[in-house]
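Here the structure comes first, spelled out in structure tokens, and everything after it is commentary.
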Amino acid sequence: MERTFLMVKPDGVQRNLVGEIVSRFERKGFQLVGAKLMHVSRELAEQHYAEHKERPFFGELVSFITSSPVFAMVWEGEDVIATARKMMGTTNPAEAAPGTIRGDYGVEMSRNIIHGSDSPESAKREIALFFSEDEALTYDKAV
Ligand code: CMP
């Protein structure tokens, strides 16, 4: 079964959107297997966003994600990586379709509420960066 890493960013936590976001993925039918409210250290932020290191917005990205707590999650389900990205909407909330998380709650590229892994390789890397093996659980879904 596929897993993905999702993270409500500081703006989403500050705006009390954690419950709303968790609820969307629960109602869709995905299974929450790991979750924690945490501060992201500068070192973790730089590792997580390593692919953007040369971009002009890298400094802003790192200082934003380390500015206040994030809600980090691991979700499991069939095709969860691509489906979660659809549910999040495009990176720029100004262009995201209504009905998506960013389309419904965001207006700024740098404050786009949620991060989600973009591929199986990213998911594996990001889950390992944020969660130890015993923090991401395995349990049967009864319903
Ligand atoms: P995320 O999915 O977390 O991955 C990288 C982040 O960089 C992205 O969401 C945006 O929040 C941010 N980002 C991408 N492009 C820009 C940009 N042009 N200016 C500022 N932030 C950006």
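The values are calculated or read from the model by the stated rules, or taken from the named source; none is laboratory data. The model shown is predicted, which means the values in this text are computed figures rather than measured ones. Virtual Cβ from ideal backbone geometry, glycine too; neighbours counted across all protein chains shown. Calculation scope for accessible area: heavy atoms of the full protein, side chains included, ligands and nucleic acids excluded. Shrake-Rupley method; radii C 1.70, N 1.55, O 1.52, S 1.80 Å.
Put a dot 7 Å past the Cα of T91, heading toward its Cβ, do the same for L129, and the two dots end up 1.4 nm apart.
Convex hull volume per residue, computed on the Cα atoms of segment 82-122, equals 54 Å³. Over the chain, DSSP H runs of length four or greater, each weighted -39,500 (n - 2.57), average out per residue to a 222 nm ellipticity of -10500 deg cm²/dmol.
Set the Cα radius of gyration of the chain against 2.2 N^0.38 Å, with N its number of residues, and you get 0.99. Accessible surface area normalised per residue over the chain is 54 Å², counting heavy atoms of protein chains with a 1.4 Å rolling probe. Taking the chain as a Gaussian network, where each spring joins two C-alpha atoms under 10 Å apart, which residue of P120, P56, P98 fluctuates the most? So, out of P120, P56, P98, the one fluctuating most is P56. Given a 1.4 Å probe and the protein chains as shown, F71 ends up with an accessible area of around 40 Å².
Could you size up the charge dipole of the chain around its Cα centre, putting +1 on the beta carbon of Lys and Arg and -1 on that of Asp and Glu, and report it in debye to the nearest 20?
Its charge dipole is roughly 340 debye.
Please go through segment 1-79 and write out the GluC sites (Glu not before Pro) that DSSP classes as loop and that have at most 13 other C-beta atoms within 10 Å. Filter output for segment 1-79: E54, E78.
Report the longest stretch of the chain that contains none of the trypsin sites (Lys or Arg not before Pro) sitting in a DSSP loop with at most 13 other Cβ atoms within 10 Å. Here the longest run is 54-140.
Considering segment 61-136, its Cα convex hull presents a mean projected area of 5.5 nm².
How much of the accessible area of the chain, probe 1.4 Å, is carbon plus sulfur, in whole percent? Write down the numbers at each step before the final one.
Values: 3990 of 7760 Å².
C and S fraction of accessible area: 51 percent.
Rounded to two decimals, the Cα radius of gyration of segment 34-99 over 2.2 N^0.38 Å is 1.29.
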